[in-house]
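Only one structure is covered here, and it is reproduced in the block below.
Since every read-out is calculated from the coordinates, none of them should be taken as a lab result. Keep in mind the model is a prediction, meaning the values are calculated, not measured. As a convention, Cβ positions derive from the backbone with ideal geometry for all residues, glycine included, and neighbour counts pool all protein chains shown.
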Amino acid sequence: MPEIKAFNASELAPNKIRQLLVEGHSPIAIYNLDGEYFATDDTCTHGDASLAEGDIDGDEVVCPYHMGTFDIRTGEACSAPCAFPLKTYNLRVDDGIIYIEINL
Ligand code: FES
């Protein structure tokens, strides 16, 4: 699958989230979970909220609109009102740069 270069891993502090806009694709949220990086769709499956504006609580992201949560590693919906999972993306860090696999 094609990869896109996101940004330098050092630009995302531990337990922070950053939105990545990719032309021709829905926004992606990239997470630094204690030094491990993950990527999911940025838009909540319950409404039109950017999860990058939410908070990390343990291994979950808390949506800023109605406080539903998702597992950052798997995209699974963990608490109401979220019921549908987030799409997740494979990524890798090479020479300090985050690359994400997406189909454009
Ligand atoms: S929009 Fe995310 S929980 Fe409602």
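For the range 30-63, filtered to residues that are touching a residue at least 40 places away in the same chain (Cβ under 8 Å) and β-branched (V, I, T), the residue that is farthest from A6 (Cα to Cα) is T45. Applying the set (1) within 16 Å of the ligand (Cβ to nearest atom); (2) outside any loop (DSSP other than H, G, I, E, B) to F38 leaves exactly one unmet item: (1). Residues that are over 12 Å from the mean Cα position of the chain (by Cα) and on the phi > 0 side of the Ramachandran plot within the range 63-104 comprise M67, D95, G96, listed in sequence order.
With respect to the conditions (1) away from the ligand (no atom under 12 Å from the Cβ); (2) out of contact with any helix residue (DSSP H, G or I) (no Cβ under 6 Å at 6 or more places or on another chain), I17 lacks only one, and its number is (2).
Quick grid of which residues meet (1) polar (S, T, N, Q); (2) outside any loop (DSSP other than H, G, I, E, B); (3) more than 16 Å from the ligand (Cβ to nearest atom):
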| position | (1), (2), (3) |
| --- | --- |
| D48 | no, no, no |
| H66 | no, no, no |
| F70 | no, yes, no |
| R73 | no, no, yes |
| C78 | no, yes, no |
| L86 | no, no, no |
| R92 | no, yes, yes |
| Y99 | no, yes, yes |
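Scan the range 1-43 residue by residue and report those that are surrounded by 15 or more Cβ atoms within 10 Å (Cβ to Cβ) and in contact with a Ser or Thr (Cβ under 8 Å, 6 or more places away or on another chain). Selection gives I28, A29, Y31, F38, A39, T40, D41, D42, T43. Within the range 54-64, the set of residues being surrounded by 16 or more Cβ atoms within 10 Å (Cβ to Cβ) and outside any strand (DSSP E or B) comprises G54, D59, C63.
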